[in-house]
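Heads up: the structure comes next, in structure tokens.
The values are calculated or read from the model by the stated rules, or taken from the named source; none is laboratory data. Everything quoted here is computed from the prediction, not taken from an experiment. All Cβ positions, glycine included, derive from the backbone under ideal geometry; neighbour counts span all protein chains shown. The area values use the complete protein model at the heavy-atom level, side chains included, leaving out ligands, DNA and RNA. Shrake-Rupley method; radii C 1.70, N 1.55, O 1.52, S 1.80 Å.
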Amino acid sequence: MRHDEPIDRNDSERATFVAVGDLVLWPQSVGDRAVTTREADTWPAFALVVGERRDLLGSRARVLFDLLENTRQSPEALVVSGRSRWTVVDPVKALFRLRLHIESPPAFDLDVLVPARRLVGLLHAVARGAPIGLTTNRHIRELGSTVDIRQVLQHVVVVRCPPVPGLAELADELLWTMAPGHRRL
């Protein structure tokens, strides 16, 4: 599949999740020095937390749950490759739809509705190609109060996508609509 092809095919096989939480993972510093964008690009800017809906356990979304189970057994982060499309569903509530087509084996498609108020400032990094993570409530509960990035990566699937032209502009427009005093006509 070429990168310029639409990722809207197979809607009957696409699972839809709602992000019920997020983990901001973009580092500000390591020790006493600031982290460069190049260094930070090696891990996700953030991880979206989705519920493990029973109605999706028998669907192709099961692939995501199986991948998450494999993260604990691997000493390294589980990384998949894919393509993404971000659209604004509701600018007032800062609600995005993230449509993912995961290409690396096994291939699967999913949509995630993302309340993006906390994450909108990180979308510039995602627009440049910074990866994101996917996880579930259960995996987050298992983490407890851990903030060590290496332990967090054992509970997320890291999704690498090519840069997303236009996502930075979408984020800027959304930030503008969220600004105090902005009125919609």
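A few points about this structure:
- Computed over protein heavy atoms with a 1.4 angstrom probe, the accessible surface ordering of Arg141, Arg99, largest first, is Arg141, Arg99.
- Amide H partners (placed H, <5 Å) of Val50, local residues excluded: Val20, Thr135, Thr136, Asn137
- Net lengthening on full extension, Thr177/Val92 (0.36 nm per residue, minus Cα-Cα): 29.9 nm
- Here each label is just a point 7 Å from Cα along the line to Cβ, and for Arg54 and Ala168 those points are 4.6 nm apart.
- Per-pair calculated FRET efficiency, R0 = 25 Å: Gln151 and Thr16 via Cβ, rounded to 0.05: 0.30
- Ligands, DNA and RNA left out, the 1.4 Å accessible surface of the range 60-125 is 54% carbon and sulfur atoms.
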